[in-house]
Structure formats: structure tokens, C-alpha cells
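Structure first, then comments.
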Amino acid sequence: MANLNIDSVKDRTFDAIVIGSGMSGGWAAKEFTDKGLKILILERGRDVKHIKDYPTTNMYPWEFEHRGEMPMAVQEANPIVNRCYAFGEDAAHFFVKDKEHPYVQEKPFDWIRGYQVGGKSLLWARQTQRWSEFDFEGPARDGFAVDWPIRYKDIAPWYSYVEKFAGISGNKDGLAELPDGEFLPAFPLNSVETYFSQHVKSKYSNRHVISARCAHLSKPNQIHLDQGRVQCQERTLCQRGCPFGGYFSANASTIPWALKSGHCTLRPFSVVESIIYDEKLGKATGVRIVDTNTKETIEYYAQIIFVNAAALNTNLVLLNSTSNRFPNGLGNDSGVLGKYVAFHNYSAHIGAEYDGFKEWTTDGRNPAGGGYIPRFRNVYKQETNFLRGYASGFSAYRYQQRSWDGVGSSLKDNLVKDDLSGWKVGSHMMGETIPKDSNYVALDKTLKDQWGIPQLKISVEYDDNDEKMKKDYVEQLTEMFTTAGFTNIKASTDNRAPGLDIHEMGGARMGNDPKTSVLNKWNQMHAVKNVFVTDGACMTSTSCQNPSLTYMAFTARAVDYAVSEMKKGNI
Amino acid sequence: MHRRTVIKNLALIIGGAALLPACMQEKGKASIALKNVEISADQEKLIGDMAETIIPKTNTPGAKDLNLHLFVLKMLDDCYKKADQQAFISGMAQFTDAVKKKYDNSFAGLSVKQREEMLLSIEKDKDPKSISISAELKTFYGIVKGQTVNGYTNSRYFMTKRVIYELVPGRYNAHFPYKQKQAV
């Protein structure tokens, strides 16, 4: 912890500043400190220390005042965050409440945030899939957004690099559309998931149901034990913070690793107001923060600045960093900063029953959640009336369906009776959305937050491509379920606002051409060479994989480049 | 008659310790602090009797032993919309009237069989348009019933002695014979 009373510039000067301590910021901190740099991590929220600050992690269901349910007053005061599946009595303290950081919804957008050390890496669904060549070539092939300035071969070694440290469980499935990685043993599919996998394989040449790949230590290696993490205990209470470090979070892994170096300062309660740009030097010199406790404005200086504030807040910081040189936001010569925001379409689900395998069930809990169906639409060529495609979750389960009917001793007997249901199966879609000029975030011209920083105005919506894709998901999964002999098939779609997927991306996209993009192929600003963006804001397109693993890989790769450039005297 | 008296006395003895704070409470008010609904001591007793009818003491603990009626009140106060809380209060008055009309007695004065019969007559009416049992009465009964069972199945007793809850399973067996599971 920096001594805040010392006011000298020297004490506020570091080799690098990392804005944000979550999924990607934690990686930046680890990589910089591993390379010997003296760094400052700025976090807008409070500190959350691994284990010590997980107050609910070892609580039994009966120890929660409302047995897990959120009180109505909290639900009514927080319509946005209350829509998030993980906002319950056990994890609500890790979510931003609606009034804590207001924003303007020009169109409905559920902005789900975690303002604390570790950010949303405490709360994520831990699904980790690599992108493939088909994903990076997508915009160029299909004529949307701009061409990605990299291809799979550029990022592949960095996927391997971060996977080994984070710990990813999975099978080597040998699929071109979902490249294999450095895997710990997979959590296996259960009887009906396996049956469905075999059925799909026999009926479709290009469709696969595989064990979901996830950031859990199914069998830790020495590098994980060195982080103080041990084997996943299959609690599936991950959103509370894991005392075993069984899943990857910045809190359990990268942040304590960076702090252990002795040359990393972590400063919580620090909202970044803007990045300071020096016109004479032609580069950024530091960061201006507001201390959320004292409301004091303080400047910190560094040679390299990494912006990892989470996709939309990164846009907010950059848009608010104005100067004579950059009147419309830092590095925004192109005018695309804040634009081409996209997300994932999670608005369709399907459920059914299967009348077989009654002699089999499962024992314990599956942290991976079941199976994963990689994108099979428009992979090798355009074949539908919509662009791109969707991945799907798939899981099968049985549950105790004990009857609550009646009263008295017969009810008591029913509540302990073994009454296992038959197999139920379920799937949800994860669709790619197309980044567009009209889906954007901007600074509100009048409204400010409690720190005097403009509020973010969000204007993002679905389009016709999303509707067509949703329809296709329902049709295709219905067909796959029907031919598998599943019964009572029920598809449902919802009208959720964008944002609830918590996969918002873009706004400061990568590209080859400085006229149409903000960042180059190294996640480095075209116009400000010592500023890098490696969180979701950098994404040129979204594909349909869960994005965190790709942010980790981008971050490690960008730090490696930034430090080598610094050593060469280029930044 | 004899059985009821025994149950009553037993409940008094076992529940005595838990009820102690009630001696110091403001006369006529519920024994726990509530923010959004007003519940009298008599009403609390009614909900306690209903909860005990739903989850009676047998050779294992019942609703009163586990203070489930206080959990019902807590959940009513904290986790329901205003409209549901109002319906609960109206439904509770209707319930008292209906008992009086049907048995010419209070719920507390009924035999266990009559109490069960009364509750089941509401529960069995699944028709939302039914006029014999009002929407408020159904809401009242639904909350008492639902939260009593919720409180019971999520109680420490139930989760350690009846259907064991594992905080740390430490395993995932994807293929597990159902027969072996039943044997556990």
C-alpha cells in the first residue's frame, strides 16, 4: 500500500500502471511483475483478499437469513443487477447495486458489474474456450466490422501460456473450430450427455457435444500449488469466492502472485478519471484518479499504461481522457472509439426429457456444468440467412422431485422419500452478434456520477441477424433433441436486454488501419504508443466463445510486447 | 383429546426456552421485530399452530421445535411484495372467520384432524377462479405452507439429520448407479 501522505512525484511514479484488477488487469499485473517492473494497480472498488474476504464461502444454507433469497426491498431497489442469475444472498456483496454507479440507458442495457479487487473474475461462469481461425477470419470473410489484425497462429502460443497457469480442464477433442489447449483432465459427461454426444456425432458430420472446458483445477500441477491453490472440491459455490482456489480468479491467482513480487502496489478505492496525455512528448504520462473515500484527485505516472477497467468502463475512461490533441477521447483519431460495441445473444433456451438410462445417475456436482456444443453454423462457408452462429450449452440431470403436497406426518414422510426424477435435458444459446456503428457508448453531456465523471450513455440493441439466429437455434436444437428421442421438448425465448450475458465487448477495437480502429495488432493504441487495452473493449468481433480466456492471452502477449518495446526505447 | 394435551404440554416444555423473550415483549405484539407487516401475538400463535399442523412433531422435531413460524414471519416481512403482504393479512382474517364458521371454534381449539382438514380444504382448491376460497386466503395459506416447508427442508436439523447437505462433496461421479445412490 502506497503511503498516501507522501506527495512527491517520485513516489507516485511507476514503470507501469494497470487500470483494473479483474480478469485481464490481474494478468497484466502478474506479467509486468514477473518481468521485474515496478507497477501500480488501480482498482475503483474495495480490496477483496483471497479467502479472508469471502464471508459466505463456508456458510450452510440454513445460515443465510433468507435461505439464499434476496429481500424484496433489495430486489425492488435493484431491478438491473437483480436480473443476474448469480445475484443471491450468498454473492450480492460482489455485485454493483444499481444506484452505486448510475448510467444512461438510451436503449435498455443490463450493465452487470463487480467493483472490487478481482472484479468479475470472482463471479464468472468459468467457461474457457479458445477462438479458432474461423473466428479471427470472420469479419473479413463475411464483410462486417474490420479485419482482425491477427490470426489464430499469433495468439495460440499465448493461449497455451495462460492456460498452463490458470488451469483449464478439458478434453483434446481435435476440433478445428474449437482448438485444443493445455488441459487438466476434463469433468466427464454423464450418461445422457454421453448418449446425446454419440447421437449427434452419428447424425451430423460437423456437430459435437464435448465436455465443457472450464477454469477449474481438476488435477492441479505444481504451478497451481505454487499459487496457493488446490484441487477443485466440486462445491459449485464458486460465486462466493473459493477458499480452495479451485477455479481461476484474479484474487486467488494473478493478484497475490503479483503482490508477492514486492514491487507491485495495489490501490483500491481509486476511480480513474482520465489518462494524462502530454502533447510535447506525444504519449501518455500517467493517470488521474479520484480517491472514493476522500474525493481527492491524485495523479500517478508511468511509462506504460494498461487499461483493463472492463469493456465499457475502459471506453468511459478513454472517452473522458480528452486533450487538444485528442478532443474526442484518447487515441480516437478514427472516431470509432465507443462504437461497434457487441455482446452475446443468450435469449433462447430449450428443455426436454429422456426416458432412458434410469439405472444411472450422478454423484457429487459437476463444476463444468455439463456439455458444450461448439458453433456448427457457417463455419466453413456461409450457409444460412444470417451471419455467423452460436455455441450451445448442454446438460442432463436428475433431481429429487419430492412432493410438497398435503400436510402432517405424510408430508414429512414425502419430504425425505427418494423420488428421483427421470432425466431432464437443457440447452441455452450463446450467439455471436455483429458489431455496428449504431451500437455504441458515449459520455452523457450533462449527467455526472458522484465522482464528477460523466455518466456513460449506452445505446446497444439486437438486430434482425440476432432474431434469425435465435430462430435457427430453436429449430436446430429441436431437431437434434427430437432425433435423439427426447420428449416433451419445450423451447423458450426471452426478451432480455443486451448486457445480461455479461459479455459486452468492443468500442476500442483492434485493426490494421488507424483510420478505422483504435488499437493495433499488439493491443497498442495506434496513436498513443504507450497505452494498451487488453480487456473486452479491444474486441473487433465477438465470436461465440466465452471471452475471458482470450482476454488473458491478449494481455500476456501485449505485456510481453510492451516491455520489449520499452527496453528498445520505443515507448 | 388426551393426545392433543400431551402435544401441547410437550411443545410448551420444549419451546419454553425459545419463547422466553416473548415474556418481555410488548403485550399483544409478535415476538420478533417486523418492519413491513403488523402481526399480533394471537396471529403469531395462529401461524405457529398452522405450521405445526403442516410439519407436526412426530418422533422427529416439528415446526414449533424449529421455530418455523418465526421463519414464515421473517420471510413474509422481508421477501414479499407489498400486495402479497396485504393479501396475507386479509387472508389471515378470512381464515379465522372461515374456521369459526365451519367449526364454531378457533383454530387453536380444533383437533389435529380438524386442523388438517381445514388446511387441506384450502390447499385442494387449485382453481384460481374459485369463489369459495378467495385469492387472499389462498395467498395467506400459500405463504404459510410454502415457507414452513422451505424453512423445514432448509433447516439445520433437516440438512444434517434427514437429507444430508454436503458443503464440500470433493467428487463428481458422472456415471453412478442409481441403486447404489438409493442405498446411501
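What to note about this one:
- Residue match in the range B:124-137 (condition: open to solvent by 30 Å² or more (accessible area, probe 1.4 Å), under 22 Å from A:N414 (Cα atoms) and in a helix (DSSP H, G or I)): no
- Filter result (part of a helix (DSSP H, G or I), at the interface with chain A (Cβ under 7 Å from one of its Cβ atoms) and free of Cβ contacts under 8 Å to residues at least 24 places away in the same chain) within the range B:138-169: B:T153, B:R156, B:M159
- Restricted to the range B:54-90, and to residues there that are more than 12 Å from chain A (Cβ to nearest Cβ) and not in a helix (DSSP H, G or I), the residue that is most open to solvent (accessible area, probe 1.4 Å) is B:K64.
- Tally, over the range B:91-122, of residues that are in contact (Cβ under 8 Å) with a residue 24 or more places away in the chain and of a type in the set (D, E, K, R): 2
- Screening A:P179 with (1) open to solvent by 60 Å² or more (accessible area, probe 1.4 Å); (2) more than 14 Å from every other protein chain (Cβ to nearest Cβ) gives one miss only, at (1).
- Just one of (1) among the basic types (K, R); (2) surrounded by fewer than 16 Cβ atoms within 10 Å (Cβ to Cβ); (3) within 18 Å of B:D78 (Cβ to Cβ) fails for A:R67. It is (2).
- Of the criteria (1) open to solvent by less than 40 Å² (accessible area, probe 1.4 Å); (2) more than 29 Å from B:K35 (Cβ to Cβ), which one A:D90 fails: (2)
- Among the residues making up the range A:215-237, those that are away from every other protein chain (no Cβ under 12 Å) and either without any contact (Cβ under 8 Å) to a residue 12 or more places away in the chain or open to solvent by less than 10 Å² (accessible area, probe 1.4 Å) (or both) are A:A215, A:L217, A:Q222, A:H224, A:L225, A:D226, A:R229.
- Single residue of the range A:93-122 satisfying the filter (aliphatic (A, V, I, L, M) and surrounded by fewer than 24 Cβ atoms within 10 Å (Cβ to Cβ)) that is farthest from the chain's Cα centre (by Cα): A:V104
- Residue check, B:K179 facing chain A (nearest Cβ under 10 Å), modelled with pLDDT under 95 and over 25 Å from B:V72 (Cα atoms): yes
- Within the range A:292-306, considering residues that are of a type outside the set (A, V, I, L, M) and touching a residue at least 40 places away in the same chain (Cβ under 8 Å), the one surrounded by the most Cβ atoms within 10 Å (Cβ to Cβ): A:F306
- Of residues in the range B:26-53 being of a type in the set (D, E) and in a loop (DSSP other than H, G, I, E, B), the one farthest from the other protein chains (Cβ to nearest Cβ): B:E26
- Residues being part of a strand (DSSP E or B), more than 19 Å from A:Q524 (Cβ to Cβ) and not hydrophobic (A, V, I, L, M, F, W, C) - total across the range A:321-344: 2
- Among residues of the range B:139-183, those that are in contact with a strand residue (DSSP E or B) (Cβ under 6 Å, 6 or more places away or on another chain) and within 17 Å of A:E69 (Cβ to Cβ), counted: 0
Each row is one residue, and each column tells you yes or no for (1) among the hydrophobic types (A, V, I, L, M, F, W, C); (2) more than 25 Å from A:A553 (Cα to Cα).
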position	(1), (2)
A:L415	yes, yes
A:W423	yes, yes
A:N465	no, yes
A:A497	yes, yes
A:E504	no, no
A:K515	no, yes
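- Pick from the range A:160-176, criterion in a helix (DSSP H, G or I) and not aromatic (F, W, Y), ranking: nearest to A:R126 (Cα to Cα): A:A166
- Qualifying positions in the range A:418-433 - more than 10 Å from chain B (Cβ to nearest Cβ), over 23 Å from the mean Cα position of the chain (by Cα) and open to solvent by 20 Å² or more (accessible area, probe 1.4 Å): A:D419, A:G422, A:K424
- Restricting the range A:351-384 to residues that are more than 12 Å from chain B (Cβ to nearest Cβ), open to solvent by 10 Å² or more (accessible area, probe 1.4 Å) and among the aromatic types (F, W, Y), the residue that is farthest from B:R171 (Cα to Cα) is A:Y380.
- Strands (runs of 3 or more DSSP E) enclosed by the range A:438-522 - at least 3 residues per element that are in contact with a Gly (Cβ under 8 Å, 6 or more places away or on another chain) and surrounded by 17 or more Cβ atoms within 10 Å (Cβ to Cβ): A:440-448, A:505-507
- Of the residues making up the range A:10-32, those that are surrounded by 24 or more Cβ atoms within 10 Å (Cβ to Cβ) and in a helix (DSSP H, G or I) are A:M23, A:S24, A:G25, A:G26, A:W27, A:A28, A:A29, A:K30, A:E31, A:F32.
- Count of residues meeting criterion [open to solvent by 10 Å² or more (accessible area, probe 1.4 Å), out of contact with any Gly (no Cβ under 8 Å at 6 or more places or on another chain) and in contact (Cβ under 8 Å) with a residue 60 or more places away in the chain] in the range A:124-140: 3
- Close pairs from the range A:107-120: first free of Cβ contacts under 8 Å to residues at least 40 places away in the same chain, partner open to solvent by less than 10 Å² (accessible area, probe 1.4 Å) and of a type in the set (K, R), Cβ under 7 Å, at least 6 apart: none
- Residues satisfying the stated conditions in the range A:234-255, i.e. more than 13 Å from A:V48 (Cα to Cα) and either part of a loop (DSSP other than H, G, I, E, B) or at pLDDT below 95 (or both): A:E234, A:R235, A:T236, A:L237, A:F244, A:G245, A:G246, A:F248
- Boolean, A:A258 is open to solvent by less than 10 Å² (accessible area, probe 1.4 Å), in a loop (DSSP other than H, G, I, E, B) and small (G, A, S): no
- Scanning the range A:33-64 for residues that are more than 30 Å from B:I164 (Cβ to Cβ), more than 26 Å from the chain's Cα centre (by Cα) and either open to solvent by less than 40 Å² (accessible area, probe 1.4 Å) or at pLDDT below 95 (or both) yields a single hit, A:L37.
- Pairs with Cβ under 6 Å, 6+ apart, first in the range A:538-567 and on the phi > 0 side of the Ramachandran plot, second modelled with pLDDT of 95 or more and of a type outside the set (D, E): A:S543/A:W131
- Taken together, A:Y440, A:Y399, A:Y390 contain a single residue that is more than 30 Å from A:L316 (Cβ to Cβ), at pLDDT 95 or above and away from chain B (no Cβ under 12 Å), which is A:Y399.
- Filtering the range A:535-556 to residues that are open to solvent by 10 Å² or more (accessible area, probe 1.4 Å) and not aromatic (F, W, Y) leaves A:N546, A:S548.
The values are calculated or read from the model by the stated rules, or taken from the named source; none is laboratory data. Keep in mind it's a predicted model, so treat the numbers as computed, not measured. When we count neighbours, we look across all protein chains shown, and the Cβ atoms used for this are built from the backbone with ideal geometry, even at glycine. The area values use the complete protein model at the heavy-atom level, side chains included, leaving out ligands, DNA and RNA. Shrake-Rupley method; radii C 1.70, N 1.55, O 1.52, S 1.80 Å.
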